[in-house]
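Everything below concerns the one structure shown next.
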Amino acid sequence: MAFKKAVSLSNQFGSEIVILHVITEDPYRKPMFFLDDAKIAEILDKMKEAAYEQLKNTVNECASDISNKCKIKIRTGKPAIEILKEAEEIKSDLIVIATRGLGDFQTAIFGSTTDKVIRHAKCSVLVSRKPNFNN
């Protein structure tokens, strides 16, 4: 949903889209504590390749007419921090981000990536909410 909004804005304003996927560092280290650093690096490389291919397919399916304006980037780290770093590095005018809606309890305990990005971004942030068909 957020990507479709970004594509719509790109069509309207002729802007470039940087599609950023952040692989969280912790999940690939903790369950695999028995692996050496080389094996973990290999797994991380495969995760990056898979994420890149999936995003490339999404661009081809949803934005083939502007695929030349879409750039895919894969980073590792804490999602909010990496999103904010990328936005500053490329001097982004707008961050388009989705929210999963974890619920008040989980958000209070863990905080949400979207909330952190909204509070710390130096540019505007457009939040795309997943439609709720239960209401």
Once R0 is set to 25 Å, what does the formula 1/(1 + (r/R0)^6) return for the Cβ-Cβ distance between residue 76 and residue 5, expressed as a FRET efficiency to the nearest 0.05?
0.45
List the residues whose amide H sits under 5 Å from the amide H of residue 17, counting only those 5 or more places along or on another chain, with H placed 1.01 Å from N in the peptide plane.
70, 71
As a footprinting exposure proxy, order 62, 123 by other Cβ within 10 Å, with the fewest listed first.
123, 62
Give me, ordered by chain and number, the residues 5 or more places off residue 128 or on other chains with an amide H under 5 Å from its own placed amide H.
97, 98, 99
Sparse-neighbourhood loop hits (trypsin sites (Lys or Arg not before Pro), segment 52-92; DSSP loop; Cβ within 10 Å at most 10 others) -> 91
Out of residues 5 or more away from residue 92 or on other chains, whose amide H comes under 5 Å of its own, with H placed 1.01 Å from N in the peptide plane?
none
Exposure proxy order (Cβ contacts within 10 Å, fewest to most) of 120, 21:
120, 21
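Read-outs throughout are calculated quantities, based only on the coordinates presented, and are distinct from any laboratory measurement. The structure displayed is predicted, hence computed values, not measured ones. Neighbour counts run over all protein chains shown; Cβ positions are idealised from the backbone, glycine included.
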